[in-house]
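Just so you know, all these numbers are worked out from the coordinates, no wet-lab data involved. Model, not experiment: these values are computed from the prediction. Virtual Cβ from ideal backbone geometry, glycine too; neighbours counted across all protein chains shown.
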């Protein structure tokens with residue numbers, strides 16, 4: 001069965017622009033989480049969506065937002081990009097988001113902000 | 001101070017060696033503990049998952065949790081070059097996909 005699909009895989013933006021990243025979870029999975037990975041901070045939790053509702057949120061500024069659609073696909077948006085937003089953005093999906101150990105990650109979207 | 005501390009390495013070992021990877025944490029409320037492996041340019045994949053103190057074994061991998069010391073370990077026996085990757089510990093407070101990760105330890109197993 002297909003894994004978690006993230007698009008685009010690579011993108012370059014300039015400061016002040018905005019970006020939208022997309023995530024298609026594994027078929028049947030209803031929970032989608034987003035993480036930011038940087039060399040200095042490692043993986044940091046951004047937010048989690050379940051049945052189109054944000055269920056958990058990390059400590060990121062309001063420039064970071066997300067949503068989930070009825071088919072469980074999810075998007076995250078970063079507005080007014082800063083240099084420090086350069087990172088690998090990872091999406092993960094699970095059946096119901098209860099940390100049963102079945103959390104599957106995509107390969108990520110690598111964002112470079114110039 | 002970070003909630004989860006992990007030595008970044010890199011750790012370089014010969015094929016066949018026993019590898020020990022460790023994380024310490026500060027929040028005694030963490031209940032669920034995981035180890036993920038991440039190959040270059042790939043997303044993390046789950047290796048081990050446990051929610052209690054003690055040992056859990058899966059093939060060449062053993063996860064150990066010591067809640068009294070707030071310390072978790074992953075042991076890899078008979079290490080192979082294909083084990084060369086970054087190993088991330090992760091933990092959570094309760095049943096949620098909101099995980100707190102260590103920064104990862106880079107492991108290199110040379111033939």
(message) Full-extension gain between residue A:114 and residue A:73, please, as 0.36 nm times their residue separation minus the C-alpha to C-alpha distance.
(response) 11.9 nm
(request) Using only the C-alpha atoms of the protein assembly as shown, find the volume of their convex hull and express it per residue in Å³. (result) 123 Å³
(request) Apply 1/(1 + (r/R0)^6) to the Cβ-Cβ distance of residue B:11 and residue B:94, taking R0 = 45 Å, and write down the FRET efficiency to the nearest 0.05. (result) 0.90
(message) Could you identify which residue out of A:54, A:17, A:36 has the top mean-square fluctuation in a GNM of chain A using Cα springs shorter than 10 Å?
(response) A:17
(message) At 4 °C and a viscosity of 1.567 mPa s, what translational diffusion coefficient does Stokes-Einstein give for the stretch B:6-111, taking Rh as the Kirkwood radius over Cα pairs? Give it in µm²/s as a whole number.
(response) 94 µm²/s
(message) Order these by the 10 Å Cβ neighbour count, fewest first: A:9, A:67.
(response) A:9, A:67
(request) Jot down the radius of gyration and Dmax of chain A, Cα atoms only, both in angstrom. (result) 13.2, 39
(message) How shielded is B:44-52 by partner chains, expressed as the average number of their Cβ atoms within 10 Å of its Cβ atoms?
(response) 3
(message) Test of understanding: ordering A:22, A:31 by Cβ neighbours within 10 Å, fewest first, what list do you get?
(response) A:22, A:31
(message) What distance in nm separates the two pseudo spin-label positions at residue A:13 and residue A:86, each 7 Å out from Cα along the beta-carbon direction?
(response) 1.5 nm
(message) At 7 Å along Cα-to-Cβ for each site, give me the label-to-label distance between residue A:2 and residue B:60 in nm.
(response) 3.3 nm
(request) Please give the length that would be gained between residue A:53 and residue A:102 if that part of the chain were fully extended, namely 0.36 nm times their separation in residues minus their C-alpha to C-alpha distance (nm, one decimal). (result) 15.6 nm
(request) Measure off 7 Å from each Cα along the Cα-to-Cβ vector at residue B:42 and residue B:26, then give the distance between these two points in nanometres to one decimal. (result) 3.3 nm
